[in-house]
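S.K.: Take this structure, written in structure tokens, and hold onto it; I'll ask about it next.
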Amino acid sequence: MTIIHLLTALFGQSLWHTKVGRWDLEVYQVLTFLSILSLCLVMLSNLAIVLGCKTNLDEFVVLPRKKGVEIWYPLVPILTLTLLAVKGFLAGLFEAGSSIFILSFGFAFSKLTIKLVIVNVSKSDMDFWDSSLVGPILLCLNIFLRFVEPHTALLCALVYNAIDFVRYFTYASWDLRDALDVWIFNLKYPPGHPLCRNGNLGFYVNGLNNEELKEKCKMEEFLKALSGEVSHKTSFNLKNGCTHKRQEAHEKFY
């Protein structure tokens, strides 16, 4: 982009309208085609990695890869949100408030992007349903039912999507802070200190490790029950042994 701006400053806008090649294509058309081509190549490369294609890192480290239908789970909320955005655009919501429309759906897509990153690094599965779909769904329902004016509906969706984005981003930041032990915006105090704020105790607020915590709690309860049963049997055996010894001593004495 810097080079393009410098060339424009030196040679003017007429540079990009220069005819090149046999097909009388202008320079900006060739650059646009190359940009779209490079974007498609990057998307195909990323899709191949997601589907299990090997990378250069596979020669040095074993990367855990998902197999089966789980790799397609993220497409459900993304495609749903995309279809809702297209429906809202075709229904005229963009003309009712272009900036609000872009910001509203931008917050929703941003939240999904952050969630995809968190799901990827935590090696978990993406849910079919996401709270970022609530605002767009209500917008599309308002198109048919006309509860409020389109501009007012866009404002309500913008407020909801912004709150949902900030909430999830805050929770994800807290979870990454506790998981990586990286304290950037505040000081780390030892547990028990009045200013200690790491009170999650291993629980991730975004719920990505709920199943892991459930299995851990079940294992702890099983071990407690097992230790209690062992201690009960030991005490019972000791009592029986003491009683038997008392009876033997009583018989010898008399």
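S.K.: Every residue in segment 114-147 that is of a type outside the set (S, T, N, Q) and assigned to a loop (DSSP other than H, G, I, E, B), please.
M.R.: Taking segment 114-147 and keeping what is of a type outside the set (S, T, N, Q), we get 114-119, 121, 123, 125-130, 133-141, 143-147.
Once the filter is applied, which keeps residues that are of a type outside the set (S, T, N, Q) and assigned to a loop (DSSP other than H, G, I, E, B), segment 114-147 yields LYS123, ASP125, MET126, ASP127, PHE128, TRP129, ASP130, ARG146, PHE147.
S.K.: Then there is this: Please enumerate the residues belonging to segment 79-102 that are of a type in the set (A, V, I, L, M) and surrounded by fewer than 16 Cβ atoms within 10 Å (Cβ to Cβ). I'd like the intermediate steps shown before the answer.
M.R.: If we filter segment 79-102 for residues that are of a type in the set (A, V, I, L, M), which is where we start, we get 79, 81, 83-86, 90-91, 93, 96, 100, 102.
Answer for segment 79-102, where residues must be of a type in the set (A, V, I, L, M) and surrounded by fewer than 16 Cβ atoms within 10 Å (Cβ to Cβ): LEU79, LEU83, VAL86, LEU90, ILE102.
S.K.: Another question, then. Of all the residues that make up segment 84-131, how many are of a type in the set (Ser, Thr, Tyr) and in contact with an Asp or Glu (Cβ under 6 Å, 6 or more places away or on another chain)?
M.R.: Of the residues in segment 84-131, the ones of a type in the set (Ser, Thr, Tyr) are 98-99, 104, 110, 113, 122, 124, 131.
Among the residues that remain, those that are also in contact with an Asp or Glu (Cβ under 6 Å, 6 or more places away or on another chain) are: 131.
Residues flagged as of a type in the set (Ser, Thr, Tyr) and in contact with an Asp or Glu (Cβ under 6 Å, 6 or more places away or on another chain) within segment 84-131 amount to 1.
S.K.: Within segment 67-105, work out how many residues are closer than 20 Å to ASP130 by Cβ and either free of Cβ contacts under 8 Å to residues at least 40 places away in the same chain or among the hydroxyl-bearing types (Ser, Thr, Tyr) (or both). Explain how you work it out, then say what you get.
M.R.: First, pick out the residues of segment 67-105 that are closer than 20 Å to ASP130 by Cβ: 69-88, 101-105.
From what is left, the residues that are either free of Cβ contacts under 8 Å to residues at least 40 places away in the same chain or among the hydroxyl-bearing types (Ser, Thr, Tyr) (or both) are 69, 71-73, 75, 78-80, 82-83, 86, 102, 104.
Counting residues in segment 67-105 that are closer than 20 Å to ASP130 by Cβ and either free of Cβ contacts under 8 Å to residues at least 40 places away in the same chain or among the hydroxyl-bearing types (Ser, Thr, Tyr) (or both) gives 13.
S.K.: Now for a different question. In this structure, does PHE147 turn out to be free of Cβ contacts under 8 Å to residues at least 60 places away in the same chain, under 30 Å from GLU95 (Cβ atoms) and crowded, with 17+ Cβ neighbours inside 10 Å? Don't jump to the end; show me each part of the working.
M.R.: Working: free of Cβ contacts under 8 Å to residues at least 60 places away in the same chain: yes; under 30 Å from GLU95 (Cβ atoms): yes; crowded, with 17+ Cβ neighbours inside 10 Å: no.
Considered against the rule, which asks whether it is free of Cβ contacts under 8 Å to residues at least 60 places away in the same chain, under 30 Å from GLU95 (Cβ atoms) and crowded, with 17+ Cβ neighbours inside 10 Å, PHE147 comes out as no.
S.K.: While we're looking at this one, here's another question. How many residues are surrounded by 10 or more Cβ atoms within 10 Å (Cβ to Cβ) and out of contact with any strand residue (DSSP E or B) (no Cβ under 8 Å at 6 or more places or on another chain) if we restrict to segment 1-20?
M.R.: Count: 7.
S.K.: For segment 114-130, how many residues meet the condition of being surrounded by fewer than 13 Cβ atoms within 10 Å (Cβ to Cβ) and of a type in the set (S, T, N, Q)?
M.R.: Step one: filter segment 114-130 for residues surrounded by fewer than 13 Cβ atoms within 10 Å (Cβ to Cβ), giving 117, 121, 123, 128-129.
From the residues that got through so far, the ones that are of a type in the set (S, T, N, Q) too are none.
Total satisfying the criteria: 0.
S.K.: A follow-up question, please. With the structure loaded, tell me whether PRO74 is modelled with pLDDT under 85, of a type outside the set (A, V, I, L, M) and touching a helix residue (DSSP H, G or I) at 6+ places or on another chain (Cβ under 8 Å) or whether it fails that test. Let's see the steps before the verdict.
M.R.: Numbers: modelled with pLDDT under 85: yes; of a type outside the set (A, V, I, L, M): yes; touching a helix residue (DSSP H, G or I) at 6+ places or on another chain (Cβ under 8 Å): yes.
So PRO74 fits the description; yes.
S.K.: Taking segment 21-30, which residues are free of Cβ contacts under 8 Å to residues at least 12 places away in the same chain and in a helix (DSSP H, G or I)? Before you say what the answer is, go through the steps one by one.
M.R.: Within segment 21-30, the subset free of Cβ contacts under 8 Å to residues at least 12 places away in the same chain is 21-26, 29-30.
Of everything in segment 21-30, those that are free of Cβ contacts under 8 Å to residues at least 12 places away in the same chain and in a helix (DSSP H, G or I) turn out to be GLN29, VAL30.
The values are calculated or read from the model by the stated rules, or taken from the named source; none is laboratory data. Note that the coordinates shown come from a computational prediction; the quantities given were computed from them, not determined experimentally. Positions of Cβ are backbone-derived with ideal geometry, glycine not excepted, and every protein chain shown enters the neighbour counts.
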